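Peer 1: Quick one: the structure is below, and I'll ask about it shortly.
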Amino acid sequence: MAKFLVDVNLPYYFSFWNSDEFEHLKDINDEMKDEEVWEYAKRKNLTIISKDSDFSNRIIISNPPPKVIHIKIGNVSLKELYRICSSLWEDIMKLNQDYKLVNVFKDRIEGIK
């Protein structure tokens with residue numbers, strides 16, 4: 001059963017997202033508006049993984065579900081994005097258990113309750 005919803009602004013083929021725990025918006029409807037994505041994730045109790053600040057801004061004034069993982073790495077190559085995310089992924093998953101928002105930067109991650 002899926003636990004995470006990967007937004008269309010993130011790569012479809014990252015290996016650590018290639019499991020039943022992840023749904024990519026591209027497989028559902030890549031034209032959904034942010035509100036529809038939010039409601040879908042809320043209904044299914046999913047954590048949204050996105051580069052879109054709209055989701056992290058919204059979770060600040062909301063309570064889960066959904067939770068949000070905000071990838072705040074900026075413009076980097078896919079190879080660099082993969083390297084950063086994969087090196088931090090285990091820690092991201094740990095923070096995701098206890099925090100409603102996890103911000104992922106090039107050099108650190110932070111959880112916000």
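Peer 1: Would a scan of segment 90-97 turn up a residue that is touching a residue at least 12 places away in the same chain (Cβ under 8 Å), over 16 Å from Phe22 (Cβ atoms) and over 13 Å from the mean Cα position of the chain (by Cα)? Can you show your working first?
Peer 2: If we filter segment 90-97 for residues that are touching a residue at least 12 places away in the same chain (Cβ under 8 Å), which is where we start, we get 91-92, 95-96.
Right, trim to over 16 Å from Phe22 (Cβ atoms) and you get 91, 95.
Subsequent filtering for residues that are over 13 Å from the mean Cα position of the chain (by Cα) retains 91.
Checked segment 90-97: at least one residue is touching a residue at least 12 places away in the same chain (Cβ under 8 Å), over 16 Å from Phe22 (Cβ atoms) and over 13 Å from the mean Cα position of the chain (by Cα).
Peer 1: Could you identify the single residue in Ser15, Ser50, Ser19 that is closer than 26 Å to Val76 by Cβ, modelled with pLDDT of 95 or more and not β-branched (Val, Ile, Thr)?
Peer 2: Working: Ser15 fails: modelled with pLDDT of 95 or more; Ser19 fails: modelled with pLDDT of 95 or more.
Ser50 is the lone residue from the list that is closer than 26 Å to Val76 by Cβ, modelled with pLDDT of 95 or more and not β-branched (Val, Ile, Thr).
The values are calculated or read from the model by the stated rules, or taken from the named source; none is laboratory data. Every value quoted in this text rests on a predicted model; they were computed, and no experiment measured them. Cβ coordinates were reconstructed from backbone atoms using ideal geometry, including for glycine residues, and neighbour counts include every protein chain displayed.
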